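Presented below is the structure to which this report refers.
The values are calculated or read from the model by the stated rules, or taken from the named source; none is laboratory data. As the structure is a computational prediction, the values presented were derived from the model and not from experiment. Cβ coordinates were reconstructed from backbone atoms using ideal geometry, including for glycine residues, and neighbour counts include every protein chain displayed.
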Amino acid sequence: MVNAALTGGIATGKSYCLSRFLALGAAVIDADRLARDAVAPGTSGFTRVVDRFGASVLAPDGTLNRQALGRIVFADAGARAALEAIIHPYVYEHITQWLAALPSATLVAIADIPLLFETGRRYNFDRVIVCACDPAVQLQRLMARNGLSEADARARISAQMPIEKKVALADFVIRTDGSFSDTDRAVDEVFAHLLRTRGQT
């Protein structure tokens, strides 16, 4: 089996590419989903978040108000680091367990990890795939997807490593500026290459 990390900037098309890899037959896991699980009501992560950030980050139904929490952590690097210290150990522990539990017949495993480089985990994986698009496209996607102001969207983008630096560190780059069919072809090519390079890591 070859295991790869799929990363990139926020709103650069990672989720779309992950779904395409899944359709091609790869085993996949999404770190964003694990991050939500890490702070679900009833978990120790949830308790730690509320203890750290207070009741202002709670929604009326008792779950986390992600927009309120986002406004705090993307405006304060210390607050963001505190949240990441709660979430990241859980995420990586579960990715490690997932990889270990995959069937022996699995050919390709891909973990979507937005903050792969920022958390220093690049060398946990055989290959790294970066999804990238023009920064202006990224900004517009993020504003449209999350209903953010331009200032808030820029703050979220700037909280991550610049996409050009991630591209420079990648084994494969998938550009998502074009059509869906263009992206599909790029994903297909990377998947074919991963299949060919099994055992050569």
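Of note:
- Residue within region 140-151 that is more than 19 Å from Ile10 (Cβ to Cβ), loosely packed, with under 14 Cβ neighbours inside 10 Å, within 17 Å of the chain's Cα centre (by Cα) and not aliphatic (A, V, I, L, M) present: no
- Filter result for Pro135 (surrounded by fewer than 16 Cβ atoms within 10 Å (Cβ to Cβ) and either among the aromatic types (Phe, Trp, Tyr) or at pLDDT 95 or above (or both)): no
- Looking across region 20-38, the residues that are closer than 10 Å to Asp112 by Cα and in a helix (DSSP H, G or I) come down to Ala31, Asp32, Arg33.
- Flag for Thr183 being β-branched (Val, Ile, Thr), modelled with pLDDT of 95 or more and touching a Cys at 6+ places or on another chain (Cβ under 9 Å): yes
- For region 54-66, taking the residues that are closer than 14 Å to Ala40 by Cα and of a type in the set (A, V, I, L, M), the one that is surrounded by the most Cβ atoms within 10 Å (Cβ to Cβ) is identified as Val57.
- Some residue of region 41-60 being among the polar types (S, T, N, Q), under 30 Å from Leu102 (Cβ atoms) and outside any loop (DSSP other than H, G, I, E, B): yes
Okay, residues lined up against (1) of a type outside the set (Val, Ile, Thr); (2) surrounded by fewer than 19 Cβ atoms within 10 Å (Cβ to Cβ); (3) in a loop (DSSP other than H, G, I, E, B); (4) modelled with pLDDT of 95 or more:
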position: Ala68; (1), (2), (3), (4): yes, yes, no, no
position: Ala75; (1), (2), (3), (4): yes, yes, yes, no
position: Pro89; (1), (2), (3), (4): yes, yes, no, yes
position: Glu93; (1), (2), (3), (4): yes, yes, no, yes
position: Thr96; (1), (2), (3), (4): no, yes, no, yes
position: Ala100; (1), (2), (3), (4): yes, yes, no, yes
position: Pro103; (1), (2), (3), (4): yes, yes, yes, yes
position: Ala111; (1), (2), (3), (4): yes, no, no, yes
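- Look at region 148-165: where a residue is closer than 13 Å to Pro135 by Cβ and a partner is among the aliphatic types (A, V, I, L, M) and part of a helix (DSSP H, G or I), sitting 6+ places away or on another chain with Cβ atoms under 6 Å, you get Ala153/Leu139; Ala153/Leu142; Ala153/Met143.
- Filtered residues of region 118-147 (kept if free of Cβ contacts under 8 Å to residues at least 12 places away in the same chain and of a type in the set (Ser, Thr, Tyr)): Tyr123
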